[in-house]
Amino acid sequence: MWRHRGSLPVSAGAEPVTLGEGGTPLLRARRLQTAGRLLLKNETANPTASFKDRPVAVAATVARELGLTGLVCASTGNTGVAVAAYAARAGLPAVCVVPEATPPTKLLQIEAVGARIVRVGGDYSDAYALALIAAEDYGWANLTSTYVNPYMLEGDKTVAYEVLEQLGGNAPDWVLVPVGAGPLLSAIYKGFEELGASGEDGPRMVAVQAAGCAPIARAFEAGAEEVDAWDRPVETAASSIADALRGYPEDGTRTLSVVRRSGGRAVSVFEEETRAAMNDLARSEGLLVEPGAAVAVAAYERLAVENVIEGGQTVVIVLTGHGLKDPDALALASPRGASAPVVEPGDVGALGEALEV
């Protein structure tokens, strides 16, 4: 990612806080194909297995350069894991404020690299509010992955830089991005704009949410200009994008405006579609992603069936987080592993029976 440091807001003499983030593969889908030319931007290949490493690397570099004394974030897991790892790399303390229902595996990853965890008895919006107050009171850098820290978006935009490089300078027709508040989508479009690959010849951006927490998609479908906070229970396994936007709905409005400016869409997908997409992607392409990433695959499959995405068009899906980040969700999507048959050593006949050969 730091090949693009001339386009990042860090001083020439700053030493980057880096774990080798960026430079992720853009893979051609071979079997998961229903329309167009489908490409998978595999952000799970980043050091902590999600795209969050890009924005956190830039923001941590700036925080250290400014002499701030620590890092804090609100997170459903992936941001917290990245902030904890990059804080350790920078030699800074870190505090991660997380909803009570954050997957235990992500909490273990945060704790393993030395960050402190504060669990909030509420949802992501409650964690967001507490982290905001803590940053202001204690003078820490707030690395919450919304629009609260503009340096974070500068790291996100490098996804667009890489996609254009990998496509030989040609912009795709569609880019599908899983979103909570949506800074990743906005930043990717910003990257295309900076390189002159937006407008009529640029990609149409698709914001994808889970139906159990979809304030941006709801506003788009209603034709609204502004996004309202999600006023229903948050009910989705896609915890990494379960952002009700309570207290900061203008973040959703900003994302919605980018979607509309690009000529794109905002869609929500159901839990059963997400589980099926997790399985489809893993079994057809060998890529294991968490539910918050699989929503974009589910949306692609639906838009292709509806002929919104047409044959001959180039589509990029941003795969944001690895499936091993949330093994409980993985078990729900594919529960058969624990019931695998046991055979005696050397018993080829039993092996054949088990495989029904």
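Laid out as a table, the results:
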read-out: Cα-based Rg / Dmax (Å) for the chain; value: 20.3, 68
read-out: Nonlocal amide H pairs with GLY70, under 5 Å, H built at 1.01 Å; value: ALA141
read-out: Inter-probe distance in nm under a simple model that places probes 7 Å from Cα toward Cβ, at LEU66 and GLU15; value: 2.1
read-out: Label-to-label distance, nm, for residues given as VAL342 and GLU200 (7 Å Cα→Cβ offset); value: 6.8
read-out: Backbone HN-Hα couplings from phi across segment 111-126 [Karplus 6.51/-1.76/1.60, Hz, Gly and Pro as x]; value: 5, 4, 9, x, 7, 8, 10, 10, 8, 10, x, x, 9, 4, 4, 5
read-out: Helical mean residue ellipticity (222 nm; -39500 (n - 2.57) per DSSP H run of 4+; nearest 500) of the chain; value: -12000 deg cm²/dmol
read-out: Extension reserve of the GLU250-GLN313 stretch, reckoned as 0.36 nm per residue once the Cα distance is removed; value: 19.5 nm
read-out: Among ASN307, ASN46, ASN170: highest mean-square fluctuation, GNM of the chain, C-alpha pairs under 10 Å; value: ASN307
read-out: Beta bridges by DSSP in the chain, antiparallel share as percent, to the nearest 5; value: 15
read-out: By average C-beta atoms within 10 angstrom, highest first, the peptides 123-133, 226-236; value: 123-133, 226-236
read-out: Distance between segment 227-301 and segment 89-135 - C-alpha centres, whole angstrom; value: 22
read-out: Relative contact order of segment 1-141, defined on C-alpha pairs under 8 angstrom at six or more residues apart (%); value: 20
read-out: Computed magnitude of the charge dipole of the chain (debye, nearest 20; Cβ of K, R +1, Cβ of D, E -1); value: 660
read-out: Relative contact order of the chain, defined on C-alpha pairs under 8 angstrom at six or more residues apart (%); value: 19
read-out: Residues whose placed amide H lies under 5 Å from that of LEU288, excluding near-sequence neighbours; value: GLY323
read-out: Nonlocal amide H pairs with VAL118, under 5 Å, H built at 1.01 Å; value: CYS96, VAL97, VAL98
read-out: GNM result for the chain, Cα springs below 10 Å: residue of ALA82, ALA331, ALA211 fluctuating most strongly; value: ALA331
read-out: Segment 53-151: radius of gyration and largest Cα-Cα distance (Dmax), Å; value: 11.8, 34
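Read the figures in this text as sums done on the coordinates, not as results from a lab. The model shown is predicted, which means the values in this text are computed figures rather than measured ones. Neighbour counts are summed over all protein chains in view; Cβ atoms, including those assigned to glycine, are modelled from backbone coordinates with ideal geometry.
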